[in-house]
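What follows is a set of notes on a single structure, which appears directly below.
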Amino acid sequence: MNKLISLILLIPLFSLSQPKIEIISDESDCDSLNKISFVPFLSSMISSNQLEDISHSFLAYGTDIYAQFSNHFELSSRILNIDGNYNSALCDYIDSMGVYPGMNSIDDNLSYFSLNVNYRINKNFSARFGKGKKFIGDGYRSMLLSNNHAPYPFFTLITEFWKVKYYNHFTTFQDIYNFDVFQKKHGAFHYLDYSLNNRLTIGLFEGIVWQAQDENYERGFDVHYLNPIIFYRPVEFSKHSPDNVLMGLNLNYKLNKVNFYGQLLIDDLNINRYENTGDGFFQNKLAFQIGMESQFSINEHNFNFLTEFNQAQPYTYAHKHPMQNYTHMNQALAHPLGANFKESVVMLNHNYQNLGVNLKYTYATYGADSAETHYGQNIFVSDFLASGEGGEFSYGNYNGQGILTHLHTLYAEFNYDFKLAKAFVACAIRNKSHQVNQTYFVLGIKTDFINPFIDF
């Protein structure tokens, strides 16, 4: 078995004179500037690959900005650029998807910009707007709405009372066609978070995605979905079900220092054809997560441990019209593997004084497609083109159908915190079926690290 062995040297990171620059005003006027801070960062990597004649370089630079204008108004922003040529796993992903994971398109020179403006109206209501991401869940992944994609424009209204927190989240996404044509689609989300007691929290989720324009007319942002309390499914059904509606559940239970969590997502569920659990009708599209996170100590050494299992049935998150799939900038809005997969994640973190150890292992199995088939892992293709027993009438589908693929990733890091930066040494291994194994050895200094290794 061939292995890709790379030696990666991180050029010492420059903090741009100070890792944090802060200006504070003692003015009591509620309209005056109370605080502003800048956290600049710059990191660079060089890697060599014994199987290739070229070396790989990696440069990331930018700054975090935070400003507070009274107790009611604050903003935060991240500005980031990435340049260079990348390791084989990243190159394969960029070549196939046209984007760097979690960032904008290649045409934007891997620029990243986020802005979050928060205005607290009163103790019960606040509004947020800008360009960014939202993560719903308590685990490493999210099956509802994640942050592994590029930022998008948004407006969020938050209502808080008693034990309830209610989010109305409105967005605009971009769909990429042939990597050079960008088309808009929109999204609207409701999320209600209810703390039943000090231990149990229940979250109810629903979201809808629709294209801004089809072959017949330009819809724009559909005003029917602006209602902050209405259920999206009846509205979408009254419009003859043209859009992509998803519903979900998020649970969290705390027991001492152990946190149990889980998610359930329902994309489509055709009751009329759900005769038994073995029929495998392609429109019965479900995803779920179950996990546990705990904190414990051994001889004054503190550990944080997480383990979780994620699964999505074939064709979940996809739609009859590819423009309305659950994606943004060629990246999944939920799990980065798309659908038709099972995944296990194990993470262990330990910090003692200035020393730290970070371990992460993932194992996934999924059914990949050939050039002539569509078995549900690729959520960018219409689910009405399902392989098997006849496209939109496809039965007999099961998780892992297609080209069964195994994916192992391991990341092990040891670091020392100098407060201004961290010196670290690490090893990253990626083992995927039908591909050459990839092993990276990493040495460097970091303040804010943009991870060049992908675990999906």
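Odds and ends about this structure:
Here is a yes/no grid of residues against (1) small (Gly, Ala, Ser); (2) assigned to a loop (DSSP other than H, G, I, E, B); (3) in contact (Cβ under 8 Å) with a residue 24 or more places away in the chain; (4) in contact with a helix residue (DSSP H, G or I) (Cβ under 8 Å, 6 or more places away or on another chain):
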| residue | (1), (2), (3), (4) |
| --- | --- |
| HIS406 | no, no, yes, no |
| ASN415 | no, no, yes, no |
| PHE453 | no, yes, yes, yes |
| PHE456 | no, yes, yes, no |
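- Selection over the range 337-368 of residues that are of a type outside the set (A, V, I, L, M, F, W, C), in a loop (DSSP other than H, G, I, E, B) and crowded, with 17+ Cβ neighbours inside 10 Å gives a count of 2.
- Whichever residue in the range 174-191 is more than 17 Å from PHE221 (Cβ to Cβ) and crowded, with 16+ Cβ neighbours inside 10 Å and, among such residues, is modelled with the highest pLDDT: TYR191
- Residue that is farthest from ASN252 (Cα to Cα), among those in the range 275-323 that are crowded, with 22+ Cβ neighbours inside 10 Å and touching a Pro at 6+ places or on another chain (Cβ under 9 Å): PHE282
- Matching strands (runs of 3 or more DSSP E) fully within the range 1-102 where at least 2 residues are within 30 Å of ARG128 (Cβ to Cβ), out of contact with any Lys or Arg (no Cβ under 9 Å at 6 or more places or on another chain) and at pLDDT 55 or above: 35-49, 55-69, 73-83
- The lone exception for TYR375 - which of (1) assigned to a loop (DSSP other than H, G, I, E, B); (2) at pLDDT below 80 it fails: (2)
- Residue identified as farther than 21 Å from GLY102 by Cα, in contact (Cβ under 8 Å) with a residue 60 or more places away in the chain and touching a strand residue (DSSP E or B) at 6+ places or on another chain (Cβ under 9 Å) among ASN431, ASN354, ASN349: ASN354
Yes/no matrix, rows are residues, columns are (1) modelled with pLDDT under 75; (2) in contact with a strand residue (DSSP E or B) (Cβ under 7 Å, 6 or more places away or on another chain); (3) aliphatic (A, V, I, L, M):
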| residue | (1), (2), (3) |
| --- | --- |
| TYR395 | no, no, no |
| ALA426 | no, yes, yes |
| THR439 | no, yes, no |
| GLY444 | yes, yes, no |
| PRO452 | yes, yes, no |
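- Test result for GLY402, small (Gly, Ala, Ser) and either modelled with pLDDT under 90 or surrounded by fewer than 15 Cβ atoms within 10 Å (Cβ to Cβ) (or both): no
- Applying the set (1) under 15 Å from ASP267 (Cα atoms); (2) under 17 Å from the mean Cα position of the chain (by Cα) to PHE341 leaves exactly one unmet item: (1).
- Counting the residues of the range 288-336 that are over 21 Å from ILE403 (Cβ atoms) and part of a strand (DSSP E or B) gives 23.
- Count of the range 411-446 residues which are within 23 Å of LEU59 (Cα to Cα) and either of a type outside the set (Ser, Thr, Tyr) or in contact with an Asp or Glu (Cβ under 6 Å, 6 or more places away or on another chain) (or both): 25
- Only a single item in (1) within 28 Å of GLN324 (Cα to Cα); (2) of a type outside the set (Val, Ile, Thr); (3) at pLDDT below 90 is not met by ASN276, and it is number (1).
The values are calculated or read from the model by the stated rules, or taken from the named source; none is laboratory data. Computed from a predicted structure; not experimentally measured. Note that each Cβ is placed from the backbone with ideal geometry, even for glycine, and that neighbours are counted across all protein chains shown.
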